[in-house]
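Here is the structure we will look at.
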Amino acid sequence: MKTAVIVFPASNCDRDAAMALEKVTGRPAQMIWHRETEIPSDIDFVVIPGGFSYGDYLRCGAIASRSPIVKDMVEKAKKGLPVAGFCNGFQILTETGLLPGALMRNNGLKFVCRPQRLRINNGNSRFTSAYGGTPEVTFPIAHHDGNYYAEDAVLNKLEKDGRVLFKYVGNPNGSARDIAGICNEDGNVFGMMPHPERAIDPLHGGTDGINLFKSIIESI
Amino acid sequence: MAQATEITPEIVSEHGLSIDEYQIILDRLGRAPNLNELGIFSVMWSEHCSYKSSRRHLGKFLTKGKRVIQGPGENAGVIDIDDGDAIIFKMESHNHPSYIEPYQGAATGVGGIMRDVFTMGARPIALMNALRFGEPNHSKTKTLVDGVVAGIGGYGNCVGVPTVGGETNFHKGYNGNILVNAMCVGLARADKVFYSAAKGVGNPIFYVGSKTGRDGIHGATMASAEFDDDSEEKRPTVQVGDPFTEKLLIEACMELMATDAIIAIQDMGAAGLTSSSVEMADKGGVGIELNLDDVPQREEGMTPYEMMLSESQERMLMVIQPGKEQLAFDVFHKWELDVAQIGHTTDTGRLVLNHKGKVVCDIPIAPLADDAPNYDRPHTPTEKREPINAETIALTDVSTALLQMVGSPDLSSRRWIWEQYDRHVMTDTVDSSQSGGDAAIVRIHGTNKAVAITTDVTPRYCYADPYEGGKQCVAETWRNLTCVGADPIAITDCLNFGNPERPEIMGQFVGCIDGMNEACRAFDYPVVSGNVSLYNETNGVAIPPTPAVGGVGLIPNLDFYTTLSGAKDGDALIIIGETSGWLGSSIYLREVAGSEDGAPPPVDLSKEKLNGDYVRRLIRDRRTHAVHDCSDGGLLIAATEMALAAGIGVDIHRAPNSCPISGWYFGEDQARYLLAVDPNSVNPILSTAEGKGIFAAQIGTFGGTKVSSNDGLNLELSKIRSTYEAWLPGLMES
């Protein structure tokens, strides 16, 4: 099992994601610089970390979504490579079009950082199967632009297909239908605003994030 | 090299230099300076850069200790935390800019203090802040709170360093001058600390980071003068921050620091290129020659004067090992940062600047730094106040008073602030503002040890009695670190005062320093870095004396630490330390009795040490479930905060023969701690305390859903919580 984390200028959860992957897989994650053009073929799972890639200039995730490494990542994801994006990573995935919708400024207009309760909306996905029917988890959130938006038809389809994997319990940012995390049609690409990689160690205040990583890794 | 502009007395005065100071420049140069040279002298001799009013008093501080690797005089202080690890930290003010332009002022304050820390080779791991605003209903307060908090968050969140704690007060004394003090703590290897002394002759000088623009010109001079009604016109002297560049700069510096390419490094902070080059040359005893045409510039047609005095952010100056130039270029190009070789070291001891084929400055460096004015300003001590007798202060309804207190500006929840700060990035935050605890706890990455960090000062005590207030701010940080089970190691300080040319202000300054120093010596708790911010005055009205202290301690093993939030149902509530009912200068007196009178609580440093060492011992022996010190608002506020944090009620009773109830519940006697402990631990804890001559008593029990007492106190925790949480959002959304 080999995992990788893509590093953009001003990614700042790259080390956190790598620590989580190492904890769950027992092997260090490979860090891939944004200027590289290819994800090595032996990589089984890619994380796009949180942060402020390119300073959030233009739009959150917009510049990163056009970087050389992301081009290759998109192609491989379309062929089935499992990819997860957290926070800024989710924003980048929506900018690539791998995931539908967009993340707008929080409806409270402020950056918001707090432990956030989440309902597992579909426990049978490749990213949630290890939760074994647990109804709720708590992950930290820390974002300014996490207000998920998509057109009603898109939201209806996401819900009907069981692709809304997590919903907020107590909506912190105005997201449509309390959506916190979604996957693509094939179920191999997942994005969420909360930070599962910050809920790995008892000292973080909880270890609810471990099973998310376990789920996808066990599915490979 | 003659320049067209003639230096008139008006120009000298506009540069904030006195006639006497200008005369010294004439003597040292043996001629009149040109405008560039005058500008350079003026910023180097500004209060902000030269510490000319404070230097002789700062020299009294205890600055050495067995864990001190580097004390004051470098970009930040360095302490040893065992296993080859070092902690590098400093606190700094950004008061004047934050009042003029709150978002950018606060943001660049955070950026500046981080650069001070990573300049020395440390990766920043935690940010703290100490904020003072004017009265809540003052017309500017809301805008300032909103902008400052957004600026701190906007910068720290982007760079990806957690903002883990701080403090915020409101008082009319800050109506015209808010205080924004930011602290950064970084982690380095003890044998890989970088210093600013330039060495060698002919070594290349590199400029790295953002381009130089016209922002912040004369910021240091602005920060060395009072405000008046026209101060808003100074907005162009406030710098603009770019946390994205800062993040790249950190990563690039860390990468280059892992090699042996850097001889010396200094960030360009106040007074930008001037102070960084002069300080590096002065410390290394060398000269510096710069070609200003090579400085990366944001705008066309910048003059040497503008380039040397610009305070554009996110810039560093380095002396690079000859032969390693290409390595440096490669690293900075990888991170897409501007980088240029702009000069070299010389053996002349002079600062020489070339611009468009002409020498535009040629002055000796020694007078700029070492011969800066050093004033012994007259100081008159603050008159002592009488204590307040608690017998004379009525308390009719404890419940009403408690609600009034927890819903007051200084005691209510700061959730509205800290939810805007990323407190968890880097995933080593063990405890932060989220718990309301006494000190933040940040794990040393990859280990099972942690640093504890706190900031504190009680300005109302310092105003009433600078000496006792000075002792108290140091003692409270020491106590806060003790509360989480840390060994307090060292402090940084940020000394915010009014105009030092007024003897009563200078008296406050000297009083506070003497008190702080006494406490530092009593605890063997040295000052390793700091900053002085004077002239916090508007139209002749000064702020209350506010020597903010940032304390750092070590938790050697995270298997043994405590916060205020661990009380369990059935736990006993124990108080350590005596309660005489000291109400002078207390929050109760101000909020409930409507008076700011009275002497502040005296600080008995030997009792502080005795009680604190005992509490730390109990934490390490795993005798405690929760610990909290009694500070602002006194015993009942501390107990209520423990109950709120645990989500469990507490029933309190008075100790036998105690003082009047106003003083018992709300007195602010020092050297006191509250402990939540298992009932079986009560007797051993009390008897050991007795043997050590420490006052200790059980004064309550945790359980249920109420905060109650046999003095008529009877409040549901939920009611207290809603009052506690409502005040600040209520203010900001009004």
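Values computed for the structure shown
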read-out: Residue of A:44, A:208, A:152 that the Gaussian network model of chain A assigns the largest fluctuation, springs spanning Cα pairs under 10 Å; value: A:152
read-out: Anisotropy class of chain B from Cα gyration tensor, a/c 1.5 cut; value: prolate
read-out: Anchor residue B:283: lysines whose Cα lies under 17 Å away (excluding residues fewer than 8 positions away in-chain); value: B:199
read-out: Normalised contact order of chain B, rounded percent, pairs of Cα under 8 Å and 6 or more residues apart; value: 15
read-out: Neighbourhood net charge (9 Å Cβ-Cβ; Lys/Arg +1, Asp/Glu -1) for residue B:474; value: -3
read-out: Only Lys, Arg (+1) and Asp, Glu (-1) charged, at Cβ; the range B:596-707 dipole about Cα centre in debye; value: 540
read-out: Cα gyration tensor shape of the range A:3-219, rounded if a/c is under 1.5, else prolate or oblate by comparing a/b with b/c; value: rounded
read-out: By accessible area with a 1.4 Å probe, ligands and nucleic acids excluded, highest first: order of B:423, B:415; value: B:415, B:423
read-out: Selected from B:245, B:368, B:564, residue furthest toward positive end of dipole (chain B; charges at beta carbon); value: B:564
read-out: Distance violations [Cα-Cα > 30 Å] among B:52/B:192; B:64/B:471; B:66/B:211; value: B:52/B:192; B:66/B:211
read-out: Probe 1.4 Å, protein heavy atoms only - accessible area per residue of chain B in square angstrom; value: 32
read-out: Lys/Arg +1, Asp/Glu -1 at C-beta; the range A:3-219 dipole; positive extreme among A:124, A:80, A:148; value: A:148
read-out: Burial of 50 Å² or greater, the range A:89-115 residues [accessible area, probe 1.4 Å, versus chain by itself]; value: A:110, A:111, A:113
read-out: Cα gyration tensor, the range B:375-478 - rounded (a/c under 1.5), prolate or oblate; value: oblate
read-out: Per residue, in Å², the accessible surface of chain A once ligands and nucleic acids are set aside, probe 1.4 Å; value: 38
read-out: Where Cα atoms sit under 23 Å apart: lysine pairs in the range A:3-219 separated by 8 or more or lying on different chains; value: 11
read-out: Most mobile listed residue (A:81, A:21, A:58) in chain A, GNM with C-alpha springs under 10 Å; value: A:58
read-out: Exposure of residue B:199 as accessible area (Å², to 10), given a probe of 1.4 Å and all protein chains; value: 120
read-out: The protein assembly as shown, dipole about Cα centre (Lys/Arg Cβ +1, Asp/Glu Cβ -1), debye to the nearest 20; value: 2160
read-out: Contact order relative to length of the range A:3-219, as percent, for alpha carbon pairs under 8 angstrom and 6 or more apart; value: 20
read-out: Share antiparallel - DSSP beta bridges, chain B, percent rounded to 5; value: 80
read-out: Top of A:17, A:180, A:150 by mean-square fluctuation, Gaussian network on chain A, Cα under 10 Å; value: A:150
read-out: Pairwise centroid distance, computed over Cα atoms, of the range B:646-692 with the range B:350-393, Å; value: 46
read-out: Unit charges at the beta carbon, dipole of chain B: most positive-side option, B:272, B:656, B:302; value: B:656
read-out: Protein-protein interface of the range B:152-174, residues with accessible area decrease of at least 40 Å², isolated chain reference, 1.4 Å probe; value: B:157, B:158
read-out: Heavy-atom accessible surface of chain B: percent carbon and sulfur, 1.4 Å; value: 48
read-out: Reachable aspartates and glutamates, given that their alpha-carbon falls under 17 Å from the alpha-carbon of residue B:358 and they are not under 8 places away in the same chain; value: B:37, B:289, B:293, B:294, B:306
read-out: Projected label distance in nm at residue B:688 and residue B:333, using a 7 Å step from Cα toward the beta-carbon; value: 6.3
read-out: Chain A: DSSP helices with Cα axial extent of at least 15 Å and average Kyte-Doolittle hydropathy no lower than -1.0; value: A:14-25, A:68-78
read-out: Area of residue B:659 that stays accessible when all protein chains are in place (1.4 Å probe, Å², to 10); value: 20
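The values are calculated or read from the model by the stated rules, or taken from the named source; none is laboratory data. What you see is a predicted model; the values in this text were computed from it and never measured. Here Cβ is always computed from backbone atoms with ideal geometry, including for glycine, and neighbour counts include all displayed protein chains. Heavy atoms of the whole protein, side chains included, go into the accessibility calculation; ligands, DNA and RNA do not. Shrake-Rupley method; radii C 1.70, N 1.55, O 1.52, S 1.80 Å.
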